Amino acid sequence: MPAQLIDGVALSQQIRADVATRAAALTAAGRTPGLAVVLVGDDPASQVYVRNKVKACADTGVRSVFEKYDADLSEAALLARIAALNDDPTVHGILVQMPLPKHIDPQRVIAAISPRKDVDGYSVLSAGELMTGLPGFRPCTPYGCMKLLESTGVSAKGKHAVVIGRSNTVGKPMALLLLAAGATVTVCHSGTPDLGVHTRQADIVVAAVGRRELLRADMVKPGAVVIDVGMNRNDAGKLCGDVDFAAVREVAGWITPVPGGVGPMTITMLLVNTLESAERSAA
Ligand code: NAP
């Protein structure tokens with residue numbers, strides 16, 4: 001029997017409806033949640049991401065402040081804008097779209113965002129909170145993957161989870177979230193000699209690499225939950241993930257499609273983080 005699909009579009013809609021209800025309650029109390037979205041330069045992909053984030057805010061009653069700057073904006077000027085947004089009580093989340101132009105140090109920019117407004121969860125403080133199990137902003141993509149996993153009803157507790165990829169924004173926080181949920185976690189990366197040895201033992205596999213067809217059917221344990229974070233293009237130019245979807249679907253128990261799996265959840269969790277930041281500031 002083919003795997004059941006984990007529908008990221010439907011789950012997103014459900015969570016966004018809840019965000020909209022809670023945002024309306026805050027607005028009624030005179031505290032509309034606000035997200036500042038800062039874009040520097042003209043990277044085409046970044047422009048699409050930013051547009052989608054701004055639209056998602058409008059759809060859920062979250063106020064967005066979109067600030068777009070030319071690629072030659074100085075680092076000092078950007079840091080000054082962030083300082084102003086940190087002090088703005090109507091802004092509850094600050095997102096600086098990555099990548100930044102080469103002359104700007106992304107770490108310095110992330111560090112300049114107030115920890116109370118770090119809704120991307122990229123700061124060293126947010127990473128430390130995740131690592132030590134303290135409440136805080138969780139990075140949106142792995143946070144969304146956890147929600148997708150929860151939606152299957154498969155508990156991570158006592159399971160063996162394999163995360164492929166160890167980036168600071170996806171792989172590492174994903175591993176920490178699964179660990180916190182009670183899984184035994186293996187993290188694989190480009191230096192892992194035989195990926196299949198690990199993935200074949202996994203009850204849960206999260207692929208976050210950026211290489212199409214990296215995870216093949218013979219690398220998956222029957223019945224496993226497979227979450228595909230990858231975003232690639234196939235030969236026809238169509239969006240695809242890291243998983244050989246058609247073949248793995250015949251082996252896995254649950255699987256996320258690409259598109260329509262992890263993608264919509266990333267922006268949804270950004271809205272959740274912003275809303276929760278606004279709720280905390282109103283408390
Ligand atoms: P990244 O920073 O490039 O990290 C990729 C990771 O994959 C690295 O840790 C790398 O290992 C590992 N890797 C590379 N080749 C490998 C191989 N053959 N076997 C095992 N591991 C390998 O990418 P990222 O930002 O984490 O993103 C990963 C993918 O997810 C990309 O396709 C990206 O577009 C996508 N993504 C999607 C969303 C979404 O909303 N759907 C959000 C974020 C990212 P090393 O550390 O050893 O180099």
Phi angles of segment 73-79, converted by Karplus (6.51 cos²θ - 1.76 cosθ + 1.60, θ = phi - 60°) into ³J(HN,Hα) in whole Hz with x for Gly and Pro, give 4, 6, 4, 4, 5, 5, 4
In Å and whole numbers, how far do the C-alpha atoms of segment 55-152 stretch along each principal axis, longest first?
-> 46, 33, 26
Under Karplus coefficients 6.51, -1.76 and 1.60, residue-wise ³J(HN,Hα) of segment 17-29 in Hz, glycine/proline x | 5, 5, 4, 4, 4, 6, 5, 5, 5, 5, 4, 4, 8
Average accessible area per residue (Å²) across the chain - probe 1.4 Å, nucleic acids and ligands excluded = 46 Å²
Derived scalar couplings ³J(HN,Hα) [segment 212-221; Karplus, 6.51 cos²θ - 1.76 cosθ + 1.60; whole Hz; x for Gly, Pro] | 5, 6, 5, 9, 9, 4, 6, 9, 10, 6
Return the percentage of antiparallel bridges among DSSP beta bridges fully within the chain, rounded to the nearest 5 %.
-> 5 percent
Candidates 102, 117, 221; GNM for the chain (alpha-carbon contacts under 10 Å) flags as most fluctuating 102
Eight or more residues apart or on different chains, and alpha-carbon atoms under 24 Å: count the Lys pairs in the chain matching that.
-> 23
How big is the charge dipole of the chain about its Cα centre, in debye rounded to the nearest 20, if each Lys and Arg gets +1 on its Cβ and each Asp and Glu gets -1 on its Cβ?
-> 340 debye
Run the dipole for segment 57-126 about the Cα centre, Lys and Arg Cβ at +1, Asp and Glu Cβ at -1, nothing else charged, and hand back the magnitude in debye, nearest 20.
-> 100 debye
Cα extents of the chain per principal axis, largest first, Å, are 53, 41, 39
Largest fluctuation, 179, 73, 39 only, Gaussian network model of the chain with Cα springs under 10 angstrom, belongs to 73
Share of carbon and sulfur in the accessible heavy-atom surface of the chain [1.4 Å probe, %] = 56 percent
Points 7 angstrom from Cα along the Cβ direction at residue 24 and residue 216: gap in nanometres?
-> 5.2 nm
For segment 140-263, state what percent of all Cα-Cα pairs lands in each successive 5 Å bin, counting from 0 Å until the bin that includes the largest distance.
-> 2, 13, 25, 28, 21, 9, 2, 1, 0
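The values are calculated or read from the model by the stated rules, or taken from the named source; none is laboratory data. Predicted model only: the values in this text are computed from it and were never measured. Every residue, glycine as well, gets a Cβ built from its backbone with ideal geometry; the counts of neighbours run over all protein chains shown. Accessible surface is based on the protein model in full, side chains and every heavy atom, while ligands, DNA and RNA are left aside. Shrake-Rupley method; radii C 1.70, N 1.55, O 1.52, S 1.80 Å.
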